[in-house]
Every structure is written in structure tokens, then in C-alpha cells.
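Novice: What follows is a structure written as C-alpha cells; I'll ask about it next.
The values are calculated or read from the model by the stated rules, or taken from the named source; none is laboratory data. Computed from a prediction, not measured in an experiment: that's the story for all the values here. Note: ideal-geometry Cβ built from the backbone for every residue, glycine included; neighbour counts use all protein chains shown. Heavy atoms of the whole protein, side chains included, go into the accessibility calculation; ligands, DNA and RNA do not. Shrake-Rupley method; radii C 1.70, N 1.55, O 1.52, S 1.80 Å.
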Amino acid sequence: DADTRVRFVPNGTNFGTNDITFRAWDQTDGINGDTSYDTTNTGGNTPFSTATETASVYVDDTPALVSAATTAYTENDPATVVDNSITLTDDSVNMVGAKTRISANYIEGEDVLSFTPVGNITGVFDAPSATLILSGVDTIANYQAALRSVAFYSSSENPGAAGGLTRTISFDVD
């Protein structure tokens with residue numbers, strides 16, 4: 001049945017490689033999705049094969065990012081680092097991306113986020129979504145350094161009054 005799927009939902013403790021063992025079902029008895037059947041009775045006249053197969057699923061937890069800075073910005077200031085004390089931790093060796101977004105009071109055409117390139121990490125500021133998108137396979141340490149270098153700039157002569165005063169900048173990592 002092409003519409004039948006097996007779904008693995010991690011519970012927050014099964015990071016790394018997880019095995020799912022299963023056996024074939026000939027569909028002569030039972031209902032697809034019903035988990036009440038005893039699959040220990042196999043072979044012969046039962047709908048379940050005696051043989052089993054095992055599939056491995058790798059689960060990578062999300063890196064942890066801590067940012068708690070409040071940054072002051074005044075008109076005509078140069079690009080100002082948002083949080084140079086961000087901490088980033090993960091049990092993986094590498095990461096593949098991160099996003100920084102002006103999530104409140106963004107003024108398109110005036111507000112910009114930038115960063116200092118580090119290692120293999122490249123970035124682009126997407127003005128319509130107010131998001132700085134970082135990408136490239138690189139170490140946790142290099143992503144931390146790149147995120148610590150994220151800077152805000154506004155070309156407005158009155159950035160505090162425009163758009164409702166305070167900008168909120170959020171970070172997300174892959």
C-alpha cells in the first residue's frame with residue numbers, strides 16, 4: 001500500500017541512531033494503523049512474517065543558543081553588534097545554517113542586518129523578510145563567532161521614532 005507510512009517521533013531523549021524493527025504484514029487480517037495486534041505470533045496462518053528487518057533513523061537535536069543582550073542604537077551610528085556574548089552549544093561537530101531576524105518594528109529600506117564572514121559561512125540579508133540568512137557547513141565555534149558578529153544598522157535619521165521605537169532581533173539555528 002503506497003499510502004502506508006511508518007513515523008518515528010523522537011521524545012527528546014533518543015538523539016543519535018535509533019533502530020526500528022518491523023516485520024511484513026500480508027493484510028489478510030487486521031486494519032492498517034491498528035497497534036493492538038500481537039505481532040509475536042508469526043508465520044504459518046498468521047498475517048505476519050517470521051522474518052524481521054531493521055531500519056536505522058538518525059536524530060540530530062537542535063543546537064542550543066542563548067542570547068540575552070539589549071543593545072542601544074542611536075541615529076548615524078555605524079552598524080552595531082547585537083549580542084557579542086551569544087553562546088551556542090550542540091553535540092554535533094558541524095552546523096548548516098542560522099537565521100537572524102528583525103521580528104518587531106522593522107522598517108524595510110532603512111533597517112539592515114549584517115555579519116562578519118567566518119570560515120565557510122556565507123550570508124545574505126533578505127529585506128522583504130527582515131532576515132539575515134547564514135549558510136554553509138562549518139563548526140559550532142565558527143557559527144557562534146558569526147552570530148556574535150551580527151550587527152544592526154538603520155539609515156533613518158530617527159530610528160527610535162520610526163516604526164515604534166524598539167526593534168526586536170531574534171536568532172534561530174539549524
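Novice: Return the pairs, sorted by first residue and then second, in which the second residue is at pLDDT below 70, the first residue lies in the stretch 158-174 and is more than 27 Å from T87 (Cα to Cα), the beta carbons are less than 6 Å apart, and the residues are 6+ apart or on different chains.
Specialist: Close Cβ pairs satisfying both conditions: none exist.
Novice: Can you tell me which residue within the stretch 95-111, out of those that are over 19 Å from the mean Cα position of the chain (by Cα) and crowded, with 18+ Cβ neighbours inside 10 Å, is nearest to P78 (Cα to Cα)?
Specialist: D111
Novice: Let me ask something else about it. How many residues, within the stretch 116-138, are surrounded by fewer than 18 Cβ atoms within 10 Å (Cβ to Cβ) and more than 18 Å from A104 (Cβ to Cβ)?
Specialist: 9
Novice: While we're on this one: Quickly run through the stretch 22-38 and pick out the residues that are in contact with a Pro (Cβ under 7 Å, 6 or more places away or on another chain) and on the phi < 0 side of the Ramachandran plot.
Specialist: Passing the criteria: W25, D26, T28, D29.
Residues checked against (1) outside any loop (DSSP other than H, G, I, E, B); (2) farther than 29 Å from T17 by Cα; (3) in contact with a Leu (Cβ under 8 Å, 6 or more places away or on another chain); (4) not basic (K, R):
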{"residue": "L88", "(1), (2), (3), (4)": "yes, no, yes, yes"}
{"residue": "I102", "(1), (2), (3), (4)": "yes, yes, yes, yes"}
{"residue": "V118", "(1), (2), (3), (4)": "no, yes, no, yes"}
{"residue": "G123", "(1), (2), (3), (4)": "yes, yes, yes, yes"}
{"residue": "V137", "(1), (2), (3), (4)": "yes, no, no, yes"}
{"residue": "T166", "(1), (2), (3), (4)": "no, yes, no, yes"}
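Novice: Let me ask something else. When residues of the stretch 41-93 are filtered for being open to solvent by less than 50 Å² (accessible area, probe 1.4 Å), farther than 30 Å from Y153 by Cα and hydroxyl-bearing (S, T, Y), how many remain?
Specialist: 4
Novice: Applying the selection to the stretch 1-40, what residues are part of a loop (DSSP other than H, G, I, E, B), touching a strand residue (DSSP E or B) at 6+ places or on another chain (Cβ under 7 Å) and either open to solvent by 90 Å² or more (accessible area, probe 1.4 Å) or at pLDDT below 80 (or both)?
Specialist: V6, F8, P10, N14, F15 - these are the residues of the stretch 1-40 that are part of a loop (DSSP other than H, G, I, E, B), touching a strand residue (DSSP E or B) at 6+ places or on another chain (Cβ under 7 Å) and either open to solvent by 90 Å² or more (accessible area, probe 1.4 Å) or at pLDDT below 80 (or both).
Novice: So, in the stretch 104-116, how many residues would count as being within 22 Å of A64 (Cα to Cα) and either modelled with pLDDT under 90 or assigned to a loop (DSSP other than H, G, I, E, B) (or both)?
Specialist: 2
Novice: What is the one condition in (1) in a loop (DSSP other than H, G, I, E, B); (2) at pLDDT 85 or above; (3) under 30 Å from M95 (Cα atoms); (4) not polar (S, T, N, Q) that D61 does not satisfy?
Specialist: Checking D61 against (1) in a loop (DSSP other than H, G, I, E, B); (2) at pLDDT 85 or above; (3) under 30 Å from M95 (Cα atoms); (4) not polar (S, T, N, Q), the one that fails is (2).
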